[in-house]
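Okay, so here's the structure we're looking at.
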């Protein structure tokens, strides 16, 4: 039987089982006449969970309820004003921020931007995203991505220190090794989860093979990310053909703040110089288009998932 494995993205998250349920429900619930995809009747559902390596405590139920107005990512970042950037390499921060069209100096400013008491007056598809939302989310994107790519020794809680990339790679490979005994594997990865999945598939020799890879709202198009995915990554032969049995489908919203600088991946991850990734656009709408729970209800993503299953 197929195993579907979720890999989450930036910012703090609920505990592992709660997040699995949250993502499963986002895919399974009927939406605007669009029939859901009930994974539990068609696959084992697992996840690679890494938020506890970066953040001291998981999001609680109150935060999850509040996230309906924004998203889990927004809620996690706003609750803290965004992570501290003191451990982030300055050159990485500036290049990454500029890749995402964010002013590095404004991002480095530690002053918290006040959160309006009422979000209802903000247009549903506000572009550009209001700075009170954008700043903490971009700080989370910079810090989380940096700590993974640089394998930072990070201490989320007193008495606990993790070499971030090493530990997350270990969790990823262990989850896939357990799954491969049950049958084919489909990876559904979001945001920084796409970076983790690609890195492990391309750079970790004992990582098991998978059948399909789905990347959603991915920053893999950013040059600063690609620089730190070597030696496995090259533009001419960056496709992870060694580990992906059939399809790599990349789903993006063109105004997704994390992906929009370079949302299409097929021309950056070639297979012997040829384009093989399937880039598929969908329009999420709403204030924070990057959220997995904005991607999951849409017919485009669900139709692709049905094909992969």
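Multiplying the residue separation of residue 84 and residue 236 by 0.36 nm and subtracting their alpha-carbon distance yields 51.1 nm.
In the chain, the DSSP-assigned H stretches of four residues or longer account for a calculated mean residue ellipticity at 222 nm of -10500 deg cm²/dmol, using -39500 (n - 2.57) per stretch and the full residue count as denominator. Placing R0 at 45 angstrom, the Cβ-Cβ distance between residue 99 and residue 157 gives a FRET efficiency of 0.90 after rounding to 0.05. Spin-label model, residue 278/residue 246: points 7 Å from Cα along the beta carbon direction are separated by 0.9 nm. Take the Cβ atoms of residue 180 and residue 91, set R0 to 30 Å, and the FRET efficiency comes out at 0.20. Across the chain, the mean sequence separation of Cα contacts (distance under 8 Å, 6 or more residues apart), normalised by length, yields a relative contact order of 21 percent.
Among 26, 240, 178, the residue with the largest mean-square fluctuation in a Gaussian network model of the chain, with springs joining Cα atoms closer than 10 Å, is 178. Taking 0.36 nm per residue of separation and subtracting the Cα-Cα distance, full extension of the segment from residue 35 to residue 150 would add 37.3 nm. Taking 49, 147, 236 in turn, the Gaussian network model of the chain (Cα-Cα springs below 10 Å) assigns the largest fluctuation to 236.
Among 33, 60, 232, the largest mean-square fluctuation in a Gaussian network model of the chain (Cα springs under 10 Å) belongs to 33.
Summary of the geometry: region 44-59 and region 165-182, compared by the centres of their Cα atoms, lie 14 Å apart. Looking at the chain alone, DSSP beta bridges between its own residues are antiparallel in about 15 percent of cases. Modelled this way, with points 7 Å down the Cα-to-C-beta line, the labels at residue 56 and residue 166 are 2.5 nm from one another.
None of the figures in this text is laboratory data; all of them are computed from the coordinates on show. Just so it is clear, the model here is predicted, and its values are computed rather than measured. Heads up, the Cβs are rebuilt from the backbone with ideal geometry, glycines too, and the neighbour counts pull from every protein chain shown.
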